[in-house]
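In what follows, a single structure is set out as structure tokens and then discussed.
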Amino acid sequence: MDFSTARVTVMGLGRFGGGLGVTRWLAERGAKVLVTDLAPADSLGRPLRELQPLLDSGAVTIRLGEHRAEDFRAADLIIANPAVPRPWENPHLFAAREAGVPITTEIRLLIERLPRERVIGITGTAGKSTTAAMIHHAFRRAHLHSHLGGNIGGSLLASLEMIRPDDWIVLELSSFMLWWLGAGVGHQSAAAWSPHIAVLTNLSANHLDWHGSFEDYAAAKENIFAAQTGSDHAIRGGAPGAFSDDFDRKIPLRLPGAHNQSNARLALETVHRATGISPAKLISLLDDFTGLPHRLQLIAEDDGRQFYNDSKSTTPNATELAVRSFEDAGRVHLIAGGYDKGSDLSSIAALASELAGLYTIGATGKKLAEAAGGEPRRAWFAGTLDCAVKRAMKRMNAGDVLLLSPGCASWDQFAHYEERGEHFVSRVRESMGPARPTRS
């Protein structure tokens, strides 16, 4: 498409600016861009401030608090935010399809402009962000250029001119993104796309509110392999023969937990297949990897107690993995609960009898505490994160761990998981006082 003459509707600026990158990229190419978002202006403060120069210049116009069908019918192209749930039944996207207007996403615009043979895609229910970051880190330690993007970091569209032919591109791909990369999705001529090296960390129920069923969620994840050929690489965590023999032993890591060992094996196996570098030379490339914020992050130590921020945990499986990262679950005080995505939280409730304490918060908190058996099984409905931290810290002893690993999304009480994690960090540090030693 010649964007210089195109009328493009971007569906969803996003509270965190998810539509900013593609809007800027389109405006730079002369497109007449309309950004439309259901949210009101007062909830889009930061992205609106960043968009203001383009609004002032007239390159971009904006419609907030509603979507209008005519904005979708009259456009030459629709850019849908992947977070829009059940896009196959969205009335505004349906209006575009009825009018013959093609629909695409930022991630498809990106992959259409990348050399597929240099692209590594990572997906999975848990561990995909950490695995993607580990791959990127290992490339850099091996003195190879790589670019990290997709569902982690900002849009790589703005970096296309900086990507050299021999660079590697590491993309974390969500189930939403992968759904849009299926054949015929958005417009009939849309080809199925899969990366040259595709990695699936694991698979368990998640985002059922978006996909409708586990089967549809799993099918979207499988899109990462669907268009691969015989010269491509498919790596499935936990599958027999997934790893080279040298990656079967323990990998030097600063991060705790068997799941991080699995993430590291996947990362190093991926780099091995991409480069041909021997496992013996790769095995130590992650020994200085300190992890990602909000992912089993040690944020403080005090009087023999440790405090971990795992706010990125938004599935029951991720919470179980976090608890099992510690040798003795009986020393772990777990804070869990939040927005209900339709996931079965019974596995979190079942942990209560093993834990030093379970403190539940948010929309699912009361039901979760009841399912765990309440106070006789050391489970309490705290309601808020502040109350959970206070109650837990009163009960902690030397050698205990306070772990925020909610197993649920944050949207009932916080704007996003980062805000939830930062709130937890601030409350822990406040409770210890300004003179207490902390480290991150």
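A short reminder: the numbers here are calculations on the coordinates, not readings from a lab. All figures in this text were calculated on a predicted structure; none of them were measured in a lab. A quick note on method: Cβ atoms are made from the backbone with ideal geometry, for glycine too, and the neighbour counts reach across all protein chains shown.
Anisotropy class assigned to the range 180-313 is oblate, per the alpha carbon gyration tensor with a/c at or over the 1.5 cut-off and a/b no larger than b/c. Counting neighbouring beta carbons within 10 Å and listing from fewest to most, the residues HIS136, HIS147 come out as HIS147, HIS136.
The phi-based Karplus calculation (6.51 cos²θ - 1.76 cosθ + 1.60; θ = phi - 60°) puts the 3J(HN,Hα) values of the range 289-298 at 6, 9, x, 9, x, 6, 10, 6, 8, 6 Hz, whole numbers, x for Gly and Pro. The value for the range 108-282 of Rg(Cα) / (2.2 N^0.38 Å) is 1.00.
Dimensions of the range 100-183 along the principal axes, based on C-alpha atoms and rounded to the nearest Å, stand at 48, 31, 21, largest first. With the helix formula -39500 (n - 2.57) applied to DSSP H stretches of n ≥ 4, the chain reaches a computed 222 nm mean residue ellipticity of -9500 deg cm²/dmol. Panel values: the chain, Kirkwood radius from alpha carbon pairs, Stokes-Einstein at 25 °C and 0.890 mPa s, translational diffusion coefficient 106 µm²/s. Relative contact order (percent) for the chain, with alpha-carbon contacts under 8 angstrom and 6 or more residues of separation? Computed over the chain, the figure is 11 percent.
Tell me whether the range 3-104 comes out rounded, prolate or oblate; compute the Cα gyration tensor, take square roots of the eigenvalues as a ≥ b ≥ c, and use a/c under 1.5 as the rounded threshold.
Verdict is oblate for the range 3-104.
Would you order LEU178, LEU144, LEU157, LEU358 from fewest to most other beta-carbon atoms within 10 Å of each residue's own beta-carbon? Don't jump to the answer; show the numbers that get you there.
Details: LEU178 24, LEU144 15, LEU157 18, LEU358 31.
Taking fewest neighbouring Cβ atoms as first place, the list is LEU144, LEU157, LEU178, LEU358.
Here the residues MET11, MET396, MET134, ranked from fewest to most Cβ neighbours within 10 Å of their Cβ, fall in the order MET396, MET11, MET134.
Here the range 326-342 and the range 123-158 have alpha carbon centers that stand 27 Å from each other. In this structure, the amide hydrogen of TRP168, modeled 1.01 Å from its nitrogen in the peptide plane, lies closer than 5 angstrom to those of HIS145, SER146, HIS147, counting only residues at least 5 positions away or on a different chain.
Compute the relative contact order of the range 1-128 as a whole-number percentage, counting only Cα pairs closer than 8 Å that sit 6 or more residues apart in sequence. About 24 percent, as a whole number. Sequence gap of 8 or more, or different chains, plus Cα separation below 23 Å: how many lysine pairs satisfy both in the chain? For the chain, qualifying lysine pairs total 16. For the range 297-432, relative contact order (Cα pairs under 8 Å, six or more residues apart, normalised by length) works out to 36 percent.
Give the Kirkwood hydrodynamic radius (Å, one decimal) of the range 261-379, defined as one over the mean of 1/r across all pairs of different Cα atoms.
Values: mean 1/r = 0.0616 Å⁻¹.
Hydrodynamic radius (Kirkwood, Cα pairs) of the range 261-379 is 16.2 Å.
Separation of the range 251-296 from the range 408-425 is 28 Å, based on Cα centroids.
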